[in-house]
Number of protein chains: 2
Amino acid sequence: MDNLNVLDIFKALSNETRLNILRWLREPEKNFPAQQAHLPKEVSIEGGVCVGDIQEKVNLSQSTVSHYLSLMQKAGLLEAVRYGQWTYYRRNEETLAKITKFINEEI
Amino acid sequence: MDNLNVLDIFKALSNETRLNILRWLREPEKNFPAQQAHLPKEVSIEGGVCVGDIQEKVNLSQSTVSHYLSLMQKAGLLEAVRYGQWTYYRRNEETLAKITKFINEEI
DNA sequence: ATCTTATATCGAATTAATTCGATATGTCAA
DNA sequence: TTGACATATCGAATTAATTCGATATAAGAT
């Protein structure tokens, strides 16, 4: 249980906005409009939402949101997929599962 | 899921010392010497360790440790039982169980 | 009553997180 | 190749967390 940095994960989770982003990304269709409107039909980034859509919902500056997403990615909570000029972020379920396990077994 | 303040919990967990305290309190007998030496035989605070013992292990100032324990208690991660001049802190398993549930079901 | 010991609280210094606007980078379209 | 748009990074201001030593409180022992 050491490829996951628990402290960084908990830090990332201890902010309301970041927690919300994670929750919203559980159901992107429900929480974000215009799903993947920039992607051609044949491309699909399952569960991914671009920074702009997240920023609009979050209502913080573009730089702050970008920074937050990057933090969450470094913590392993999100993964980023770039398509053209867009970056799509989606949940990294593997890490989420690992934290649960970690809390249960080690904390 | 609203009597638990998730943000305060994650904040409390995002510090190495505090995380360690929680882990050590899983097995107090193993991690702290002189278990409940101040208590008379007929009194037992199941799983509880007094501030002094925790402070010794943590190696931070008395005031810092006291502050940390209080933070964790307010977050619901620990509960405090006072006996005489000593305060015994022990894990609050209920909250721990709730966070796991929260992560699984809501995050 | 006084002294000691355990813990809590206060005030302050230092370090880290939050958040922004400005700017840089990278990509697509004309 | 220039312009427009999406995102990332930088530098700085503000706010919050960390941590300490000093002091307060509370209980037990003399």
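Scanning region B:57-71 for residues that are more than 6 Å from DNA strand C (Cβ to nearest atom) and either within 17 Å of B:Q85 (Cα to Cα) or of a type in the set (F, W, Y) (or both) returns B:V65, B:Y68. Against the conditions (1) open to solvent by 80 Å² or more (accessible area, probe 1.4 Å); (2) farther than 30 Å from B:R23 by Cβ, A:K101 satisfies every one except (2). Taking chain B and the helices (runs of 4 or more DSSP H) fully enclosed by it, the elements with 2 or more residues that are free of Cβ contacts under 8 Å to residues at least 60 places away in the same chain, within 14 Å of chain A (Cβ to nearest Cβ) and under 30 Å from A:A75 (Cα atoms) are at B:6-13, B:16-24, B:93-105.
Here A:I107, A:I54, A:I99 are screened, and the one residue that is hydrophobic (A, V, I, L, M, F, W, C) and at pLDDT below 95 is A:I107.
The values are calculated or read from the model by the stated rules, or taken from the named source; none is laboratory data. Only a predicted model underlies this, so the values are computations on that prediction, with no experimental measurement involved. Here Cβ is always computed from backbone atoms with ideal geometry, including for glycine, and neighbour counts include all displayed protein chains. All accessible areas refer to the heavy atoms of the entire protein, side chains included, with ligands and DNA or RNA removed. Shrake-Rupley method; radii C 1.70, N 1.55, O 1.52, S 1.80 Å.
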